[in-house]
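Novice: There's a structure below that I have some questions on.
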Amino acid sequence: MRTTVNRRARHAAVLAAGALVLSACSSGGGGGGGDDSSAGPGQDKNVSSNYSLGSASDSAGPAPEPAGAKEAKKGGTVTVLQRDAFHHLDPGQIYFGDMLISQLLYNRSLTGYKVDENGKVKVVGDLATDTGTSADGGKTWKFTLKDGLKWQDGSPITSQDVRWGIERLYASFETDGPQYIQQWLSGDGTSYRKALPDGPYDGKHLPSSVLDTPDDKTIVFHFLKPHADAPFATAMPNIGAVKADKDGKQKYDNEPFSSGPYQVADYKTGKSLTLVRNTNWNPKTDPIRHQYPDKFEISFGHQATDSTRRLLADQGPDKYGMSYTNAVAPEMVQKVLNDAGTKNRRFVEIQPYLDVINFNMDRLKDVRVRKALAYAVPSGQIIQQIGGATAGQLATNLLSPSIDGYKPTDPFGKKAKPNGDPDKARALLKEAGKEGQEIVYAYANTDVQQKVAVVVTQALERAGFKVQKKEVDSNVWDNSIGEVKNGFDIFRTGWGADWPVASTVVPPLYDGRVIADGAQNYSHLNDPAVTKEIDRVNAIPDVKTAAPEWQKLADKILTDDVPAVPTYANLQFSLWGSGLGGVKYHPVYGYPDPSSVFVK
Amino acid sequence: MTSPSPAAPATEPGTAPAELIGRSPGQLMRRRFRRDRAGVVSAFVVVFFFLVAVGAPLISMVYGKDPTTTYGLNETGLLNQFGYPVQPNGGISGRFWFGLEPTLGRDVLTQLAYGIRTSLLIAAAATALCVVTGVLVGVTAGYLGGRTDYFLGRFIDLLLAFPQQLSFVAFTPVVYALFVSPEKETPTYLRVLTLILVLWALGWMGLARLLRGQVLSLREREFVEAAKVTGASPWRIITRELLPNLWTPILVQSTLMLPTLVTAEAGLSFIGVGVVEPTPDWGRMFANGAKYYESDVTYIFFPGLAMIIFVVAFNLLGDSVRDAFDPRTRR
């Protein structure tokens, strides 16, 4: 899993950047005091206890009725307002939140996430009958396809289509999607591409010792190493079926062939996407999706203020409107919260993205200095700057609450002193004999981050540091901090795991072997004890047994090495039109899920 | 020198007719200006703004707050959980006269005073530099004419063709990188100097062009011819004959330029190449206010009102000054 850093990097970095923008847009409220306690986040649906592997019966269709299903009727058009245009429709290329959520409607993967109305998530078989059976200590995974699966033209979906869907990921144009399965099958980094340089297009295929399809219903993966979390990896949108004679390579990006309840009717790149019912989709095979509305009309170019105003006004087609990723705009949060009419058409939920302030351990070698920094950082005030109670939730350790095995440990007492503990920090600094230590604090030059810089500087100076603020152009921010010799002491980064297992968090962020330009070990932590422990926990064949071990390791890293201090977990504040029902939160992707939405 | 044939002998090298009482044009101008009530009021307003700018530390001392302390973060009960003032009207109270800044909780009054200070200092310095450069280049080009005029003209064209904002964004980081070690914070004085320099470098061309045209038409007039015939040096002709006739456009242009530069500076701060937090800045206050207005309209009220009053007063002042100089243009 260590090997998949690059691609995941991109996912996390861009998503985190997106989350940054969104959270930048989700500050709010104001103008008078009022009853704020009722305005805070609702029930926390993104906690580890909510995740489990589903059984074969969980994987059978049809999907459970959504909340308020009595009002549900067939028909109607759902309007979706999005800020950024989709980069891709090809499921093989999809990795960003907006498209991940969108592809649920027209693409099915081997497994999927079944979210119930209480926010409990089960990994279930989607195209497959269950979450797969492993042999060989987790090196071999076998999936069986369900009966009655059909393409949008009525032809059956077979294991040959799944094989094609996976093999085409080896082609050189498939650059933007996740690479877990390819790397597990054929080698680290981008070396897996050598196994099948042009994908399946020249008539070549992966040998059956790697990817086997003994019959029309069965597909067998032979991984190089054991991978206990394979059912999660096969839930990524690119591990699904693609029909060979509909595959126009790059052109597939504009006309994906649907296996889900909706199909592409009209796509104007950069402007709009219309999805209409796929009449050949069989609800009995699908444990996740519904097919209530006739149409989804997705349009791009709506800033958060624009979409919030329209959804709040609740007029015309906006009455049936929602947004996948646009959060409620900062300046309108309080307005939305104070509007009693929005009570049943909004939620605030924790996203899988966790923000930390990294300490560059090449420069800050004294652990007491790093500890002092960790105590001094004013997480509460930082949350205030990024948008307050609907934008972020205080984080106390290095795992996000969404990660399996998460425990709310708090080694630096952040819950008790969210705005930092300058006295303790000062004492530690004195002990280290580094009073007045100079800290180069880098930040992306946006108006929100400028303000964060103000509170961070203040807090650090109170603790006895001297701060040199370096603003970095926000367009080159990701590259600047990704350089190993970046010359900065501390800077913020965000990370979102692809699935709620800590093997997608701890190894890429804190394994000393992955320090490289553009890699995610931003703190440059290189502790042999940590590396050894990572290997040990990674080798545990059962995800559930490994989960508490990861938390222990993360806590050990935070208390002994202090490579970073957690600040907050991002929140998603969504609003939709009063004419829609069945909107629920998708805890894995971190956005509202359209697959069971209906028009009242 | 492209001097035309000498004209009739000049009567006197003086500038204006002074037949009856014998007032200088300057005296006449002052008399006319004093009679213009709007002009006088706006002059006072403008002076007031400059006083506020200069006296910001004094205001802060008397009032007992400073612009960088985050009162709302240091004390509980001032800002709510979304970072907005708990008290109505943006947190205006006996303690915070103009209210509190959302999210950071700083005092708006001192922020505004210091912000005006930053913005006016930068804009005034840039205006002064622009005017000096504009006059020098414009008069030189107009008076010398010929090849000098041609090359200066093309140089002005070149500079005018630069997209201003884009050049600012592109050049400022380069300047910072040149002068600041990568491990040190960019000092505020360097930011201010850089701002003044970029505003100056791309701000003087309009005035220069205008003055060139004026000089071109003036230098053919009889009194200039007369001065030439009497053997006056070019320097004397420029300072004694031409400049006094150019004061009107120069003054009007600079009174218009200053508020424009204040807004330009604000724009630069907004896109992140101007001064950054925690240096107070009028323009950034304005930009933030525009963001918060849905929930805290009071915050934009004072900086906005101040900006409107300032720009209107300065424009009225410019009008009055022109009227006073040149009563024929009076409406």
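Each value in this text was obtained by applying a stated rule to the coordinates, not by laboratory testing. Remember, predicted model here, so these are calculated numbers, not experimental data. All Cβ positions, even for glycine, are placed from backbone atoms using ideal geometry, and neighbour counts span all protein chains on display.
Novice: Given R₀ = 56 Å, FRET efficiency for A:D366-A:T545 by Cβ-Cβ distance, to 0.05?
Specialist: Working: r = 36 Å, r/R0 = 0.65.
According to the calculation, E is roughly 0.95.
Novice: What is the spin-label model distance, in nm, from B:R34 to B:L178 if the labels are put 7 Å beyond Cα along the C-beta direction?
Specialist: Taking the two extended label points, one gets 5.0 nm.
Novice: Another question about this same structure. Give me D for region A:237-367 in µm² s⁻¹, whole number, from Stokes-Einstein with Rh from the Kirkwood sum over alpha-carbon pairs, 37 °C and 0.692 mPa s.
Specialist: Numbers: Rh = 18.9 Å.
Approximately 174 µm²/s, per Stokes-Einstein.
Novice: In a Gaussian network model over chain B where Cα atoms closer than 10 Å are linked, find which of B:A287, B:A125, B:A226 has the largest mean-square fluctuation.
Specialist: B:A226
Novice: Students often check this: by mean Cβ neighbours within 10 Å, which of A:401-412, A:101-112 ranks highest, and how do the rest follow?
Specialist: Numbers: A:401-412: 20.8, A:101-112: 25.6.
The most tightly packed comes first, giving A:101-112, A:401-412.
Novice: For A:T274 and A:Q315 in the same chain, what is the full-extension length gain: residue separation times 0.36 nm, less their Cα-Cα distance, in nm?
Specialist: Working: separation 41, 0.36 × 41 = 14.76 nm, distance 2.06 nm.
Result for the pair: 12.7 nm of gain on full extension.
Novice: On a 21 Å Cα-Cα criterion, which of the cross-link pairs A:K120/A:K217; A:K365/B:K184; A:K122/A:K415; A:K114/A:K225; A:K365/A:K434; A:K365/A:K424 come out too long?
Specialist: Values: A:K120/A:K217 29 Å; A:K365/B:K184 19 Å; A:K122/A:K415 30 Å; A:K114/A:K225 28 Å; A:K365/A:K434 12 Å; A:K365/A:K424 19 Å.
Listed pairs above 21 Å: A:K120/A:K217; A:K122/A:K415; A:K114/A:K225.
Novice: Separate question: Taking each residue in A:432-441, count the Cβ atoms of any other chain within 10 Å of its Cβ, then average. What number comes out? Let's see the in-between values first.
Specialist: Values: counts 0, 0, 0, 0, 0, 0, 3, 0, 4, 1.
Per-residue shielding by partner chains comes out at 1.
Novice: Additional query: Packing-wise, with mean Cβ within 10 Å as the measure, how do A:530-537, B:103-110 rank, highest first? Show your work: numbers first, answer last.
Specialist: Numbers: A:530-537: 17.0, B:103-110: 25.5.
Ranked by mean Cβ neighbours within 10 Å, highest first: B:103-110, A:530-537.
Novice: Which value at 222 nm does chain A reach when only helices count, each DSSP H run of 4 or more adding -39,500 (n - 2.57), with the total divided by all residues and rounded to the nearest 500 deg cm²/dmol? List each step's numbers first, then the result.
Specialist: Working: 16 runs with 147 residues, N = 600.
So the calculated ellipticity at 222 nm is -7000 deg cm²/dmol.
Novice: How much net charge surrounds B:D296 when only the other residues with a Cβ under 11 Å from the Cβ of B:D296 are counted, with Lys and Arg +1 and Asp and Glu -1? Show your work: numbers first, answer last.
Specialist: On the way: positive: B:K291; negative: A:E331, B:E101, B:E294.
That works out to -2.
Novice: Per residue of B:62-73, how many C-beta atoms from partner chains lie within 10 Å of its own C-beta, taken as a mean?
Specialist: Details: counts 0, 0, 0, 0, 0, 0, 2, 1, 6, 0, 2, 10.
Counting other chains' Cβ atoms within 10 Å and averaging over B:62-73 gives 2.
Novice: Could you check what % of the DSSP bridge pairs in the protein assembly as shown are antiparallel, to the nearest 5? Walk me through the intermediate numbers first.
Specialist: Numbers: 57 of 76 bridges.
Here the antiparallel bridges make up roughly 75 percent for the protein assembly as shown.
Novice: Taking all pairs of different Cα atoms in region B:114-325, averaging 1/r and flipping that mean, what Kirkwood radius in angstroms comes out?
Specialist: Values: mean 1/r = 0.0523 Å⁻¹.
19.1 Å is the Kirkwood radius here.
Novice: What's the local net charge at A:G413, with K and R +1, D and E -1, over the other residues with C-beta under 10 Å away?
Specialist: Values: positive: A:K414, A:K415, A:K417, A:K424; negative: A:D410, A:D421.
Charge balance in the 10 Å sphere: +2.
Novice: Using a Gaussian network model of chain B whose springs link C-alpha atoms within less than 10 Å, name the residue from B:F314, B:F162, B:F286 with the highest mean-square fluctuation.
Specialist: In the Gaussian network model the winner is B:F162.
Novice: Assuming R0 = 22 Å, can you tell me the calculated FRET efficiency for the pair A:A529 and A:V484, based on Cβ-Cβ distance, to the nearest 0.05? Display every interim value, and only then the final one.
Specialist: Values: r = 22 Å, r/R0 = 0.98.
It comes out at approximately 0.55.
Novice: Per residue, how big is the convex hull around the C-alpha atoms of region A:349-572? Give it to me in cubic angstrom, could you?
Specialist: In region A:349-572, the Cα hull volume divided by residue count equals 108 Å³.
Novice: I'd like to compare A:145-153, A:68-76: which one has the highest average count of other Cβ atoms within 10 Å, and what's the full order after that?
Specialist: Values: A:145-153: 17.9, A:68-76: 13.4.
Most protected by this proxy first, the peptides run A:145-153, A:68-76.
Novice: Amide H neighbours of A:K600 under 5 Å, at least 5 residues apart or on other chains, H built in the peptide plane: list them.
Specialist: Excluding prolines and chain starts, which carry no amide H, the hits are A:L580, A:G581.
Novice: OK, next. Which whole number gives the average, over all residues in A:447-457, of C-beta atoms from other chains lying within 10 Å of the residue C-beta?
Specialist: Values: counts 10, 2, 2, 6, 8, 3, 3, 9, 7, 0, 3.
Partner-chain Cβ atoms within 10 Å, mean over residues of A:447-457: 5.
Novice: Quick check: residue separation of A:D84 and A:K552 times 0.36 nm, minus the Cα distance between them. What number comes out in nm? If you can, show how the numbers build up before the last one.
Specialist: On the way: separation 468, 0.36 × 468 = 168.48 nm, distance 3.89 nm.
Residue separation times 0.36 nm, minus the Cα-Cα distance, leaves 164.6 nm.
Novice: Here's something else I'd like to know. Arrange the following residues from fewest to most other Cβ atoms within 10 Å of their Cβ: B:R23, B:R322. Spell out each step's value before the answer.
Specialist: Details: B:R23 13, B:R322 20.
Listed from fewest to most nearby Cβ atoms, that is B:R23, B:R322.
Novice: Using a 10 angstrom cutoff on alpha carbons, build the Gaussian network for chain B and name the most mobile of B:T260, B:T76, B:T133.
Specialist: Comparing B:T260, B:T76, B:T133 in a Gaussian network model of chain B, the most mobile one is B:T76.
Novice: Let me ask something else about it. Taking only complete DSSP H runs, can you tell me which helices of chain A stretch 20 Å or more along their own long axis by Cα positions and average at least 0.0 on the Kyte-Doolittle scale?
Specialist: Working: long enough: A:5-24 (26 Å, 0.76); A:447-462 (23 Å, 0.11).
Answer set is A:5-24, A:447-462.
Novice: Assuming R0 = 60 Å, can you tell me the calculated FRET efficiency for the pair B:W247 and A:T175, based on Cβ-Cβ distance, to the nearest 0.05?
Specialist: 0.35
Novice: Using θ = phi - 60° and the Karplus curve 6.51 cos²θ - 1.76 cosθ + 1.60, what whole-Hz ³J(HN,Hα) does each residue of region A:181-198 get, with Gly and Pro shown as x?
Specialist: Once θ is set to phi - 60°, the couplings for region A:181-198 become 5, 4, 6, 5, 7, 10, x, 5, x, 9, 5, 4, 4, 5, 5, 7, x, 10 Hz.
Novice: Can you sort B:Y114, A:Y267 from fewest to most other Cβ atoms within 10 Å of each residue's own Cβ? Walk me through the numbers before you get to the answer.
Specialist: Working: B:Y114 23, A:Y267 18.
By the 10 Å Cβ count, ascending, the order reads A:Y267, B:Y114.
Novice: Which ³J(HN,Hα) values, rounded to whole Hz and listed in residue order, are derived for region A:140-150 from phi using the Karplus coefficients 6.51, -1.76 and 1.60 in 6.51 cos²θ - 1.76 cosθ + 1.60 with θ = phi - 60°, glycine and proline given as x?
Specialist: For region A:140-150, the Karplus curve yields 10, 10, 10, 10, 10, 7, 6, 7, x, 6, 9 Hz.
Novice: Oh, and also: In vacuum, with every alpha carbon of the protein assembly as shown counted as one equal point scatterer, what does the Debye formula give for log10 I(q)/I(0) at q = 0.04, 0.07 Å⁻¹? Two decimals, please.
Specialist: Rounded to two decimals, the profile gives -0.25, -0.68.
Novice: Show me, for region B:67-72, the HN-Hα J-couplings you get by feeding each phi into the Karplus relation (A = 6.51, B = -1.76, C = 1.60, θ = phi - 60°), rounded to Hz, glycine and proline as x.
Specialist: After applying 6.51 cos²θ - 1.76 cosθ + 1.60, I find x, 9, 6, 8, 3, x Hz.
Novice: Which of the helices in chain B, when you take each full DSSP H run, stretch at least 27 Å along the axis at their Cα atoms and have an average Kyte-Doolittle score of -1.0 or higher? Present the calculation step by step, with values, prior to reporting the outcome.
Specialist: Details: long enough: B:108-144 (52 Å, 1.61); B:243-270 (39 Å, 0.96); B:297-325 (41 Å, 1.48).
Span-like helices here: B:108-144, B:243-270, B:297-325.
Novice: Sum -39500 (n - 2.57) across every DSSP H segment of at least 4 residues in chain B, then divide by the residue count to get the 222 nm mean residue ellipticity, nearest 500. Write out the running numbers ahead of the final one.
Specialist: Values: 14 runs with 218 residues, N = 331.
After summing the helix terms and dividing by residue count, I get -21500 deg cm²/dmol.
Novice: Only counting other Cβ atoms within 10 Å, I'd like B:S217, A:S159, A:S186 sorted with the fewest neighbours first. All intermediate terms of the calculation are to be shown ahead of the outcome.
Specialist: Values: B:S217 10, A:S159 22, A:S186 19.
In increasing order of surrounding Cβ atoms, one gets B:S217, A:S186, A:S159.
Novice: Let me ask something additional. Expected output is a single nm value to one decimal: the length gained when fully extending between A:S52 and A:A244, i.e. 0.36 nm times separation in residues minus the C-alpha distance. What is it?
Specialist: The A:S52-A:A244 span can extend by a further 65.7 nm.
Novice: Tell me whether region A:539-582 comes out rounded, prolate or oblate; compute the Cα gyration tensor, take square roots of the eigenvalues as a ≥ b ≥ c, and use a/c under 1.5 as the rounded threshold.
Specialist: Values: a/c = 6.84, a/b = 1.83, b/c = 3.73.
Since a/c reaches 1.5 but b/c is at least a/b, the shape of region A:539-582 is classed as oblate.
Novice: Give me the Debye-computed log₁₀ of I(q)/I(0) at q = 0.27 Å⁻¹ for region A:342-387, equal point scatterers on Cα only, no solvent, two decimals.
Specialist: With one equal scatterer per Cα and no solvent, log10 I(q)/I(0) is -1.05.
Novice: I would also like to ask the following. Once amide H atoms are placed 1.01 Å from N in the peptide plane, what residues at a sequence separation of 5 or more from A:Q351, or on another chain, have their amide H within under 5 Å of its amide H?
Specialist: A:N570, A:L571, A:Q572
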